[in-house]
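One structure below.
The values are calculated or read from the model by the stated rules, or taken from the named source; none is laboratory data. Note that the structure is a prediction, hence the values are computed from the model and not measured. Reconstructed Cβ throughout: ideal geometry from the backbone, glycine too, with neighbour counts over all protein chains shown. Heads up: the accessible areas ignore ligands, DNA and RNA and are worked out on the full protein's heavy atoms, side chains in. Shrake-Rupley method; radii C 1.70, N 1.55, O 1.52, S 1.80 Å.
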Amino acid sequence: QVQLVESGGGLVQPGGSLRLSCAASGTIFSLYTMGWYRQAPGKQRELVATISGGGSTNYAGSVKGRFAISRDDAKRSVFLQMNSLKPEDTAVYYCNANIRTYAGALNREYWGQGTQVTVSS
């Protein structure tokens, strides 16, 4: 059974910074693309950033230049450094990972439970 556990959310003032972490645990043969998504109240879940197994990154236009995604495969973890935060960044942030649990298995997407980020003065 695979689990993704996020941490690092909280309340921050506009212009501040937060670093989100997500650690994968369980039976994992290979980690592929990992990413962060967010969902604000009354809105659909949207992509924030992804990072491939080779390290290629992709960002939503609204966070480009302010957020940075990274990964540590030895720790089975993905991180999101969020700088210059704005009130519109307020949302529940979800970790996502494409994982193969054993050789020969099909890849599957897994989601974390989400962590709240609130940007407010």
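Numerical summary
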item: Check on GLU109, in a strand (DSSP E or B), touching a residue at least 12 places away in the same chain (Cβ under 8 Å), surrounded by fewer than 16 Cβ atoms within 10 Å (Cβ to Cβ) and not small (Gly, Ala, Ser); result: yes
item: All positions within the stretch 55-91 that are hydrophobic (A, V, I, L, M, F, W, C), in contact (Cβ under 8 Å) with a residue 60 or more places away in the chain and assigned to a strand (DSSP E or B); result: PHE79, LEU80, MET82
item: Count of residues meeting criterion [in a loop (DSSP other than H, G, I, E, B) and either touching an Asp or Glu at 6+ places or on another chain (Cβ under 9 Å) or exposed (fewer than 14 other Cβ atoms within 10 Å of the Cβ) (or both)] in the stretch 17-30; result: 4
item: Whichever residue in the stretch 92-106 is assigned to a strand (DSSP E or B) and among the β-branched types (Val, Ile, Thr) and, among such residues, is farthest from LEU31 (Cα to Cα); result: VAL92
item: Residues located in the stretch 61-94, provided they are among the basic types (Lys, Arg), closer than 16 Å to TYR37 by Cα and surrounded by fewer than 20 Cβ atoms within 10 Å (Cβ to Cβ); result: LYS64, ARG66
item: Test result for GLN44, open to solvent by 70 Å² or more (accessible area, probe 1.4 Å) and under 24 Å from GLN1 (Cβ atoms); result: no
